[in-house]
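The values are calculated or read from the model by the stated rules, or taken from the named source; none is laboratory data. Bear in mind that the values here come from a model prediction, so they are computed numbers and not experimental data. No Cβ is skipped: glycine too gets one built from the backbone with ideal geometry, and neighbour counts run over all protein chains shown. Ligands, DNA and RNA are excluded from the accessible area calculation, which covers all protein heavy atoms including side chains. Shrake-Rupley method; radii C 1.70, N 1.55, O 1.52, S 1.80 Å.
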Amino acid sequence: MEENLKLDHQEENKMGVAPVKTLLLSMGIPMILSMILQAMYNIIDSYFVSQIPKIADQAMNALTLAFPIQMLIVAVGVGTGIGINSLLSQNLGANDQVQASKTAGNAVFIGICTYFVFLLFGLFGIDAYLKSQTSDPQVLVLGHAYMKICVIISFGSVLSMIYEKLLQSTGRTLLSTIAQVAGALTNIVLDPIMIFGLLGCPKMGIEGAAYATVIGQILTCVMDMIFHYGLNKDIQNGIQYLRPDGHTIRRIYRVGIPAIIMQALMSFMTYGVNIILAGISASYVTAYGVYYKIQQFALFAAFGLNNAIIPVVAYNYGKGDQERIKQGVFYGTLYTVIMMVICMLIFEIFAPQISGIFALSPAILTICSQAMRIISIGFIFVAVNIAFQGIFQALEKGGYSLWISLIRMVIVSLPLAYVFVKVFGNSMVFITFPIAEACATVVSILLYKHLKKTLYH
């Protein structure tokens, strides 16, 4: 009896009844803001760290080397959350509240386990990781000081992403955005206070940036928990739902593992590019790190729409409504393309002004501006790829999404970047990224055409 408990059809979630073209906007805009605020954590740290006297370039280099691990934490959290989002939305679309509650409880259990894995790395793996990228003693000291705090106290980051997805899966995107805003504003306020020792706070330098970040993440996590346990009425909460359920965990990771790998490839690619660019100069490594953090605003905005596409398409996939699935695919892709074209125009027109917000050497800022103008050429392809990755994940085709990411970030981009550095050197390396995105777009379209043959009948 319990397993067959269903939600009341008279109170069907808005994802099954609201007009899709407006539903994606109403859900997507808060998610875009939420994802942009996640990008702000790194960019805010970078801005204030670039103002530290005498060691700004070395401190920024340290943040650049630490960035792939921060991205990996986000990758595991977001990737797991995508699996949760997809399965939970399907449960709700099928009106199965008990299974939805099991999915939510197991999601929290997975989040706790994930944090302990990163805790072990923070305790024992940081030095080896940093030494694989640099031998500069000052950069090593700064990088270790920053990373040990961000990784060892990463529970706020990991669990906030889990609870955020529980809210987003039921359509309560505004609540998760409020929590993100609170955390980001806290980080903004605390960064200068803790870095430079204002208002009676000790002057902590790069460690102050790390503490400001984790405090903001913890606040976001606490607020997400309050919103979930207090207001997320589509899901029942209880200790019995936290008990690990093998079938539920396997279904979460059926989509979640490809999504984790897909997201982690961003970390792997950045790590690989850092090593390749080191063959040119340290200035290229720092400039690319600054560019990538700026680019996160555009990428994370696209992933915000991706996060709206997934529950809408997954809900109606669980419900069996083919027309609403088609609408979700069309409008989700269209909105993502429009947004990324706007981002491309901003990057092309204002590259020097955007780069100039960081107090770095003129050479580094020039390279950063070049990267912005060259890489942003491929943003229209980025839009299509990110939209289809969400669509495939919602339809339980996580493997398709993984192939798109492998092409974008490993199979084409890294070998091509290596060849371009060896043959051409300098800024020509940046053209490899639009080429890789274009190749992935062709594969995305072909995979969707293949999927349509079985999806719509």
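Pick from Ile354, Ile411: which is under 27 Å from Val76 (Cβ atoms) and of a type outside the set (D, E, K, R)? Matching residue, one of Ile354, Ile411: Ile411.
Check Ala371 against each of (1) part of a helix (DSSP H, G or I); (2) open to solvent by 20 Å² or more (accessible area, probe 1.4 Å); (3) touching a residue at least 24 places away in the same chain (Cβ under 8 Å) and name the one condition it does not meet. Of the numbered conditions (1) part of a helix (DSSP H, G or I); (2) open to solvent by 20 Å² or more (accessible area, probe 1.4 Å); (3) touching a residue at least 24 places away in the same chain (Cβ under 8 Å), the odd one out for Ala371 is (2).
Condition check: closer than 29 Å to Ser86 by Cβ and buried (at least 22 other Cβ atoms within 10 Å of the Cβ). Does Val151 satisfy that? It is true that Val151 is closer than 29 Å to Ser86 by Cβ and buried (at least 22 other Cβ atoms within 10 Å of the Cβ).
Hey, does the range 126-141 have a residue that's touching a Gly at 6+ places or on another chain (Cβ under 7 Å) and either surrounded by fewer than 20 Cβ atoms within 10 Å (Cβ to Cβ) or part of a helix (DSSP H, G or I) (or both)? Full working, then the answer.
Kept after step one, since they are touching a Gly at 6+ places or on another chain (Cβ under 7 Å), are these residues of the range 126-141: 130.
Cutting the leftovers down to either surrounded by fewer than 20 Cβ atoms within 10 Å (Cβ to Cβ) or part of a helix (DSSP H, G or I) (or both) gives us 130.
Yes: the range 126-141 contains one or more residues that are touching a Gly at 6+ places or on another chain (Cβ under 7 Å) and either surrounded by fewer than 20 Cβ atoms within 10 Å (Cβ to Cβ) or part of a helix (DSSP H, G or I) (or both).
Considering only the range 246-290, how many residues are of a type outside the set (S, T, N, Q), open to solvent by 20 Å² or more (accessible area, probe 1.4 Å), farther than 19 Å from Ser413 by Cα and at pLDDT 85 or above? Residues flagged as of a type outside the set (S, T, N, Q), open to solvent by 20 Å² or more (accessible area, probe 1.4 Å), farther than 19 Å from Ser413 by Cα and at pLDDT 85 or above within the range 246-290 amount to 6.
Gly332 satisfies every condition listed in (1) open to solvent by 10 Å² or more (accessible area, probe 1.4 Å); (2) among the small types (Gly, Ala, Ser); (3) at pLDDT 90 or above except (1). Can you find even one residue in the range 51-58 that is open to solvent by less than 30 Å² (accessible area, probe 1.4 Å) and either at pLDDT below 90 or in contact with a strand residue (DSSP E or B) (Cβ under 8 Å, 6 or more places away or on another chain) (or both)? Looking for residues that are open to solvent by less than 30 Å² (accessible area, probe 1.4 Å) and either at pLDDT below 90 or in contact with a strand residue (DSSP E or B) (Cβ under 8 Å, 6 or more places away or on another chain) (or both), one finds at least one in the range 51-58, hence yes. Checking the structure you have, find out if any residue of the range 337-355 is more than 29 Å from Ile280 (Cα to Cα), buried (at least 21 other Cβ atoms within 10 Å of the Cβ) and modelled with pLDDT of 95 or more. Within the range 337-355, one or more residues are more than 29 Å from Ile280 (Cα to Cα), buried (at least 21 other Cβ atoms within 10 Å of the Cβ) and modelled with pLDDT of 95 or more.
Scan the range 92-114 and tell me whether some residue there is in contact with a Ser or Thr (Cβ under 8 Å, 6 or more places away or on another chain), assigned to a helix (DSSP H, G or I) and farther than 30 Å from Asn232 by Cβ. Within the range 92-114, not a single residue is in contact with a Ser or Thr (Cβ under 8 Å, 6 or more places away or on another chain), assigned to a helix (DSSP H, G or I) and farther than 30 Å from Asn232 by Cβ. Restricting Gly279, Gly272 to residues that are in contact with a helix residue (DSSP H, G or I) (Cβ under 9 Å, 6 or more places away or on another chain), of a type outside the set (Phe, Trp, Tyr) and not in a helix (DSSP H, G or I) narrows the list to Gly279. Contact map, the range 88-105: first residue touching a residue at least 12 places away in the same chain (Cβ under 8 Å) and buried (at least 24 other Cβ atoms within 10 Å of the Cβ), second residue of a type in the set (Ser, Thr, Tyr) and not in a helix (DSSP H, G or I), Cβ cut-off under 8 Å, separation 6 or more or different chains; pairs are Leu88/Thr170; Leu92/Thr170. The set of residues in the range 240-278 being within 30 Å of Lys422 (Cα to Cα) and among the hydroxyl-bearing types (Ser, Thr, Tyr) consists of Ser267, Thr270, Tyr271.
Considering only residues in the range 33-50 that are open to solvent by 20 Å² or more (accessible area, probe 1.4 Å) and at pLDDT 85 or above, the one that is farthest from Tyr291 (Cα to Cα) turns out to be Phe48.
Restricting Tyr241, Tyr229 to those that are more than 20 Å from the chain's Cα centre (by Cα) and at pLDDT below 85 reduces the list to Tyr241.
Within the range 161-205, track down each residue that is of a type in the set (D, E, K, R) and open to solvent by 10 Å² or more (accessible area, probe 1.4 Å).
Keep residues of the range 161-205 that are of a type in the set (D, E, K, R), which gives 164-165, 172, 191, 203.
Listed by number, the residues that qualify are Arg172, Lys203.
Tallying residues that are within 14 Å of Phe109 (Cβ to Cβ) and open to solvent by 60 Å² or more (accessible area, probe 1.4 Å) within the range 231-241 yields 3.
Between Ile32, Ile52, the distinction of being among the aliphatic types (A, V, I, L, M), in contact with a Gly (Cβ under 7 Å, 6 or more places away or on another chain) and in a loop (DSSP other than H, G, I, E, B) belongs to Ile52 only.
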